Amino acid sequence: MSLKTRTFAYMKTNNRFFLSLAWVLSLHVLTLLFLSLFRLIEYTVLGGMVSDPSASVCPAFVRGLWFDNVIACYISIAPLAVTLTAAAFGYAPRAIRKATVWWYGVLGSVAFMASAANIPYFAYFFKNINSSIFEWFSYAGTTAGMVTGEISYLLYIALFFACVAAYAWTMTRLRRLSDKLMENQDNNNMERRRPRLRHATDCIARLIVLSATTGLCVFGIRGRTGYNPIKISQAYYCDDAFLNQLGINPAFNLLTSALDDMRKENRELHLMPYPEAITLARQSLGISGKCDSLHVLRRYINNSRNNPTSNQQVTSQKRNVVVILMESMSANFLQTFGQQQRLTPTLDSLYNHSLAFMNCYSAGIHTNHGMTAALYSFPALMFRNLMKGTVTPHRDGIPTVLHNEGYHTMFFMTHEAQYDNMKAFFATNGYDDIYSQENYPKEEVVNSFGVSDHFLFGYALNRLNRQAATGKPFFATLLTVSNHPPYVIPSWFKPKTKDKETQIVEYADWAIADFLRLARQQAWYSNTIFVIMADHGKIVGKVSGELPQSYNHIPLVMFGPGVPTGKVEKLATQVDVMPTLLSLLGTSYRYDGFGVDQMTTERPLVFYSADNQIVARSHDMCYIYEPKTDRSFYYRTTPHWGLQETKPSNEFKPLRKYVFSMIQTAQYMLKRQY
């Protein structure tokens, strides 16, 4: 072979190599464009959540491109290495390019799915999608029904499929173009021979380029120089919570949160040493005496002084109890708390005729958190579901105490009993009867979450009447679900507002009113204490801080024989329901919980959590901490339960120490599962 012919052969191999590099880079760039498109759509749809008009949105998109590149590099690393290794030795077959299209198509679709799902997820939780969604996979049917039953979600499903189709079409076009360019290289008049090893210089150069590009891709996965790889804190650049989270790629957030869950060091929180935490928690709760290492918060609550036999207005007969947990009923829906529309006339009326708590906060932002806190006085530990486990957890709470006092205990839910392990958990922890979707007529099931509120209340009323006829006192818990997507409003109900999200609130309030109206007609009503609260809130109106206050600020009212009336301005949280209710009943008990009796004690602080954040709040300050990023946020409270961000100061140290000690003590107790 002549020198000229060999030279053209080497050039042809080099051209194949660089065309292969351009081919993979084109798919990488294409992936970045689609991920940025999803971010643009999210900003367009949810841009109203921006609370700081002075903050520029451009850095969010720049940082977003940074995080998107991490995901794109994860996808690109394998096809880049395979394609360039083959091309470095003169091979660039069409089969590799076809396989690359499939590789990008599958993994890119997964990333797009996270981005599409993140839009409604963020709209509901004010957080990027994270590993907590894997809890839903245990209930595939219910989750599928929720997703397909809410019309607005179908738009994002359609968006996902449209983007995947466009992505696949564009990649196919790029592959055909690459094939044509390769064919042009092969169809020239130069002799096609493999380069000889004695001409290794070009091959070594190609291998150097291969190593460099692969190294850059690995660096892209790492995301930054320095000891640690990129973390979500890199997305934070301003004081606006929405814009700070906008830059985080949803697939990145989902992946890292799942990996964090699997790390041994992250299986439990390490906020402070256990002995220090337990000592501070006991001091905060006023617990004195020797500390039992197995039951660090255990004390005996003597409520005999409150026994109704000493109250002339209440008979000696044990009073029944009905607890209603309303799905997503934020305090912000009530006119009592500043809502302009008249959405909840029943709840607003109860606030004027009950023991009504103005500053009550939910333990977490999921239903399982609200139930374990309100019924068993155990706080939420971020996004962990405390009702599930390989072995069903045991808890002492209102159901177990009243069961031991001779009460017949009942739980009524709208959906399937297996959801969130409810049947096993409640059967294990004090409930005699559990009623769920399996007990109701199939024609009454309206969506993946079962029956409507009005049917649940009607069914429960009949069961309560039967139980009252036995002469044995009862404790009943009713969990509603209507105010959770997909919203189903009965055709016969005529709301006054036009937005479906407020119409469903009107319906939920009406269902409570109708239940109480019918209950008043029953003989047992006059001997029954009612407790009505939300399991948690939801985003209502403008977001004023890193964590929307409307998500945890909830209504709580108690009324019935022996219950005083009046508005309580003291700080309260769901873990206080158990000690306060049992105090009103005059029932003494052994207690391991985190609550206080609101009838006799005033909390200087409350604590709660929201998936990746823990919070301590006083009447005039609020401290938020993110363990994963080690970031703190400091706020002064404003009138009407708002927040105004402020600078760190020593005033916030007691709040930080308080929430750390409480959460760490809860972690200690959970670790021992007593």
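The values are calculated or read from the model by the stated rules, or taken from the named source; none is laboratory data. A quick note: this is a predicted structure, and the numbers were derived from the prediction, not measured. So basically every Cβ, Gly included, is an ideal-geometry build from the backbone, and we count neighbours across all protein chains shown. We work out accessible area using only protein heavy atoms, side chains counted, and drop any ligands, DNA or RNA first. Shrake-Rupley method; radii C 1.70, N 1.55, O 1.52, S 1.80 Å.
Here are a few things to note about the model shown:
- Filtered by the rule that a residue be open to solvent by less than 40 Å² (accessible area, probe 1.4 Å) and either modelled with pLDDT under 95 or among the charged types (D, E, K, R) (or both), the range 512-526 gives a lone residue, ASP514.
- Where TRP641 falls short, out of the listed (1) surrounded by 20 or more Cβ atoms within 10 Å (Cβ to Cβ); (2) aromatic (Phe, Trp, Tyr); (3) closer than 30 Å to ASN128 by Cβ: (1)
- Identity of the residue in the range 56-97, closer than 30 Å to LEU246 by Cβ and of a type in the set (Ser, Thr, Tyr), that ends up least open to solvent (accessible area, probe 1.4 Å): SER76
- Scope the range 68-98; condition touching a helix residue (DSSP H, G or I) at 6+ places or on another chain (Cβ under 8 Å), more than 22 Å from LEU216 (Cα to Cα) and part of a helix (DSSP H, G or I); matching residues: ARG94, LYS98
- Taking every residue in the range 155-170 that is closer than 11 Å to MET113 by Cα and pairing it with any residue that is open to solvent by 60 Å² or more (accessible area, probe 1.4 Å) and among the hydrophobic types (A, V, I, L, M, F, W, C), at least 6 positions away or on another chain, the pairs with Cβ-Cβ distances below 6 Å are PHE160/MET113.
- Scope the range 17-44; condition under 21 Å from ALA158 (Cβ atoms), of a type in the set (Val, Ile, Thr) and surrounded by 16 or more Cβ atoms within 10 Å (Cβ to Cβ); matching residues: THR31, ILE41
- Test for LEU582: is it in a loop (DSSP other than H, G, I, E, B), out of contact with any helix residue (DSSP H, G or I) (no Cβ under 6 Å at 6 or more places or on another chain), open to solvent by less than 30 Å² (accessible area, probe 1.4 Å) and closer than 22 Å to HIS369 by Cα: no
- Close Cβ contacts (under 6 Å, 6 or more residues apart or on different chains) running from residues in the range 559-572 that are assigned to a strand (DSSP E or B) to residues that are open to solvent by 30 Å² or more (accessible area, probe 1.4 Å) and charged (D, E, K, R) comprise LYS570/GLU602.
- The single condition among (1) farther than 27 Å from LEU294 by Cβ; (2) in contact (Cβ under 8 Å) with a residue 40 or more places away in the chain that GLU602 does not meet is (2).
- Scope the range 98-123; condition open to solvent by 20 Å² or more (accessible area, probe 1.4 Å), among the hydrophobic types (A, V, I, L, M, F, W, C) and either touching a Cys at 6+ places or on another chain (Cβ under 6 Å) or touching a residue at least 24 places away in the same chain (Cβ under 8 Å) (or both); matching residues: VAL101, TRP103, LEU107, VAL110, MET113, ALA117, ALA123
- First in the range 390-416 and in contact (Cβ under 8 Å) with a residue 24 or more places away in the chain, second anywhere and among the acidic types (Asp, Glu) and open to solvent by 60 Å² or more (accessible area, probe 1.4 Å), Cβ under 8 Å, 6 or more apart: HIS403/ASP432; HIS408/ASP432; THR409/ASP432; MET410/ASP432; GLU416/GLU438
- Of all residues in the range 396-405, none satisfies being open to solvent by less than 10 Å² (accessible area, probe 1.4 Å) and in a strand (DSSP E or B).
For (1) open to solvent by 10 Å² or more (accessible area, probe 1.4 Å); (2) of a type in the set (Asp, Glu), each residue gets a yes or a no:
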{"site": "GLU602", "(1), (2)": "yes, yes"}
{"site": "ASN612", "(1), (2)": "yes, no"}
{"site": "CYS622", "(1), (2)": "no, no"}
{"site": "THR646", "(1), (2)": "yes, no"}
{"site": "PHE652", "(1), (2)": "no, no"}
{"site": "ARG656", "(1), (2)": "yes, no"}
{"site": "VAL659", "(1), (2)": "no, no"}
{"site": "ARG672", "(1), (2)": "yes, no"}
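- Residue, farthest from the chain's Cα centre (by Cα), within the range 412-460, restricted to residues that are buried (at least 22 other Cβ atoms within 10 Å of the Cβ) and among the aliphatic types (A, V, I, L, M): LEU456
- Residue in the range 463-479 that is of a type in the set (Ser, Thr, Tyr), open to solvent by less than 10 Å² (accessible area, probe 1.4 Å) and either closer than 16 Å to THR409 by Cα or in a loop (DSSP other than H, G, I, E, B) (or both) present: yes
- Residue in the range 164-171 that is in a helix (DSSP H, G or I), surrounded by fewer than 15 Cβ atoms within 10 Å (Cβ to Cβ) and β-branched (Val, Ile, Thr) present: no
- Residue in the range 545-557 that is farther than 30 Å from THR646 by Cα and in contact (Cβ under 8 Å) with a residue 60 or more places away in the chain present: yes
- Residue in the range 449-459 that is farther than 27 Å from ILE151 by Cβ and aliphatic (A, V, I, L, M) present: no
- Each residue in the range 610-631 was checked for being at pLDDT below 95 and small (Gly, Ala, Ser), and 1 of them qualify.
- Every residue from the range 636-674 that is β-branched (Val, Ile, Thr) and closer than 27 Å to PHE337 by Cα: THR637, THR638, THR646, VAL659
- Failed criterion for SER482 (all others in (1) in contact (Cβ under 8 Å) with a residue 40 or more places away in the chain; (2) assigned to a loop (DSSP other than H, G, I, E, B); (3) closer than 30 Å to MET669 by Cα hold): (3)
- Scanning the range 87-133 for residues that are over 25 Å from HIS366 (Cα atoms) and polar (S, T, N, Q) gives THR100, SER109.
- Scanning the range 418-435 for residues that are part of a loop (DSSP other than H, G, I, E, B) and at pLDDT below 85 returns a single hit, GLN418.
- If you filter the range 181-219 down to residues that are at pLDDT 85 or above and hydroxyl-bearing (Ser, Thr, Tyr), you find that the one that is farthest from the chain's Cα centre (by Cα) is SER211.
- Criterion (in contact with a Lys or Arg (Cβ under 7 Å, 6 or more places away or on another chain), at pLDDT below 95 and of a type outside the set (Ser, Thr, Tyr)) met by exactly one of GLN644, GLN598: GLN644
- So GLY593, is it touching a helix residue (DSSP H, G or I) at 6+ places or on another chain (Cβ under 7 Å), open to solvent by 10 Å² or more (accessible area, probe 1.4 Å) and of a type in the set (Gly, Ala, Ser): no
- The number of residues in the range 484-511 being closer than 16 Å to LEU334 by Cβ and modelled with pLDDT under 95 comes to 1.
- Applying a threshold of 6 Å to beta carbon distances and a minimum spacing of six or more residues, or different chains, the list of pairs starting in the range 527-544 at a residue that is open to solvent by 10 Å² or more (accessible area, probe 1.4 Å) and ending at one that is among the basic types (Lys, Arg) reads ASN527/ARG319.
- Among residues of the range 124-148, those that are crowded, with 16+ Cβ neighbours inside 10 Å, of a type in the set (A, V, I, L, M, F, W, C) and at pLDDT below 90, counted: 5
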